Structures are given as structure tokens and as C-alpha cells.
Amino acid sequence: MQREATPKEARQAILKSPATTLAEFKSPLGTWKYEVPRDLFIGCMAWATRITEVVAVVPKVDRIHDIRYGVWGTDVRREKYLGEEYAVFTINVLKRKMNTVKNVALPLDHEPYARHLLALFEKVGDAPVFNFSRQYAWKAARIVFDGLLYDVQPYTVNRVDVAGHKKNAANHFLRHMRLTELGGPPFNFTGEELGKYVKWTASQYGVSPQVERYVKSDWRDYAAKLLVKKK
């Protein structure tokens, strides 16, 4: 029976992948190609974010907020907390009714991807880090994570119930893997801490929206749990 991939397997697939993966689309109108960098998958795994939240090329028809799409090299800063230095990345959160941003903190001496991503952003500077579309990202993800699956829980769409099932790893895979990783040992995030990491609405992790109005979440709420030494 096929099983869900593990976060360790996801990280191993990223590690084994080439620096760039060719994403190619063919149609009667022509062929489109783009070399998708491995750094995209490193970032999405570390931040537990949607690929659509970090790529900069978004067609006007898909734009739902008047925001600057994608992450830019200037969307990071260094901060110290609990005697540790963190790289704090600012990312727009989509699928919310209003413009929302989240700050994702990665401890530089504990998260294997942290220094790599910080160096990448500082090198790029005031420009998009991933200046391509989610379609190219999807194509490359299917290549890099070929053979890996993840679980999709039952859901309802247009009043039709869809049973739980396995799905091939692609654009949402890394967000799911990172949350799975944080929810288990050695991090053991609570539901509320996972919600703060990805900026879910308060009601999604059991907090009254009225409470959220007055008590603002912050990356420092979960920062201590990330202080696990690299292996």
C-alpha cells in the first residue's frame, strides 16, 4: 500500500535535486521553458508557504489583492532573541479576505536552510527572488518529488463531498511536509503555534476572532521550539 512521504524524505529529495530543474511546456503555439531553482523548494519547505505566495509572476486574472506578489530580496531581516540570531522573512499570505503578511523566523544556527536563504536574499536585493509563475514551479516540483505522495483530507467543494486520498507531490506538498515536521518531535508545535507559523485565522486553531483582534501573534511565540541542533 502506498504511504505518505515523510518530511525527511522531502528534504532528501531537495538535497539530491540539481541546482535548477528544467520546466517545459509544449503546445501548438510553441514551447516555453524555465530553469526553476532548487532554492524555491528550500524556501517553501522552510516557510511552510504556498508556492503562489513566493513566485512573482501572477497573471492579472489571478490577482486578488493589490499587493506586490512574490518574495523580494529585501523581505528579510536579522533579529536576536533568546540569545540566538534569526533570519526573519516577510511573506504575503494569500487566501485571506484582507492583505495579510506573516513573519517566519528561522534560527541561523539550528535550521539547515536558514543561512542559505539569508545569503540568497541578500544577494538578490531589491528584486524578486523567484521571478516566474506557479505553473513552472508545479512542473519542476513534479520532477524533483517524483514518486512521493501526501495525504489529502476529506473536503467539500461546490456541495460535493470528496473522499480523502493520496496526491502526487507538487505545489502544496512542501507546506504540508513542513507543518507535519513541526507538529512532531522534536519540535512538537501545538495547533496554535502551527497557526501562528503560517498565519491561519484564529478560528482555524481554536481562538476566538475577537481575541485575535486584541492579542497579536508573533514569531517569538514559537521561536524557542525551533532551537533544535542541526543533524
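The values are calculated or read from the model by the stated rules, or taken from the named source; none is laboratory data. Please read these numbers as outputs of a predicted model, since none were measured by experiment. Neighbour counts are summed over all protein chains in view; Cβ atoms, including those assigned to glycine, are modelled from backbone coordinates with ideal geometry.
Every residue in segment 185-208 that is of a type in the set (A, V, I, L, M, F, W, C) and either surrounded by 19 or more Cβ atoms within 10 Å (Cβ to Cβ) or modelled with pLDDT under 90 (or both), please.
Within segment 185-208, L194, V198, W200, A202, V207 meet the criteria.
With respect to H176, is the statement that it is at pLDDT 90 or above, surrounded by 15 or more Cβ atoms within 10 Å (Cβ to Cβ) and of a type outside the set (D, E, K, R) true?
yes
Just to be sure before I move on: is L82 surrounded by 13 or more Cβ atoms within 10 Å (Cβ to Cβ) and touching a helix residue (DSSP H, G or I) at 6+ places or on another chain (Cβ under 8 Å) in the structure I sent?
For L82, the condition - surrounded by 13 or more Cβ atoms within 10 Å (Cβ to Cβ) and touching a helix residue (DSSP H, G or I) at 6+ places or on another chain (Cβ under 8 Å) - is not met.
Consider segment 57-78. How many of its residues are assigned to a loop (DSSP other than H, G, I, E, B) and modelled with pLDDT under 95?
The total comes to 11.
Looking only at segment 40-56, count every residue that is closer than 19 Å to W219 by Cβ, in contact with a strand residue (DSSP E or B) (Cβ under 8 Å, 6 or more places away or on another chain) and assigned to a loop (DSSP other than H, G, I, E, B) and tell me the total.
Residues meeting the conditions: 3.
Would you mind stating whether I14 is part of a helix (DSSP H, G or I), surrounded by 13 or more Cβ atoms within 10 Å (Cβ to Cβ), in contact with a Leu (Cβ under 8 Å, 6 or more places away or on another chain) and at pLDDT 90 or above?
Judged against the criteria, I14 is not a match.
Report yes if Y150 is over 16 Å from the mean Cα position of the chain (by Cα) and surrounded by 20 or more Cβ atoms within 10 Å (Cβ to Cβ), otherwise no.
Against the criterion (over 16 Å from the mean Cα position of the chain (by Cα) and surrounded by 20 or more Cβ atoms within 10 Å (Cβ to Cβ)), Y150 does not qualify.
Would you confirm whether any residue within segment 115-136 is without any contact (Cβ under 8 Å) to a residue 60 or more places away in the chain and part of a strand (DSSP E or B)?
There is no residue in segment 115-136 that is without any contact (Cβ under 8 Å) to a residue 60 or more places away in the chain and part of a strand (DSSP E or B).
Has segment 55-73 got any residue that is surrounded by 16 or more Cβ atoms within 10 Å (Cβ to Cβ), free of Cβ contacts under 8 Å to residues at least 40 places away in the same chain and aromatic (F, W, Y)?
There is at least one residue in segment 55-73 that is surrounded by 16 or more Cβ atoms within 10 Å (Cβ to Cβ), free of Cβ contacts under 8 Å to residues at least 40 places away in the same chain and aromatic (F, W, Y).
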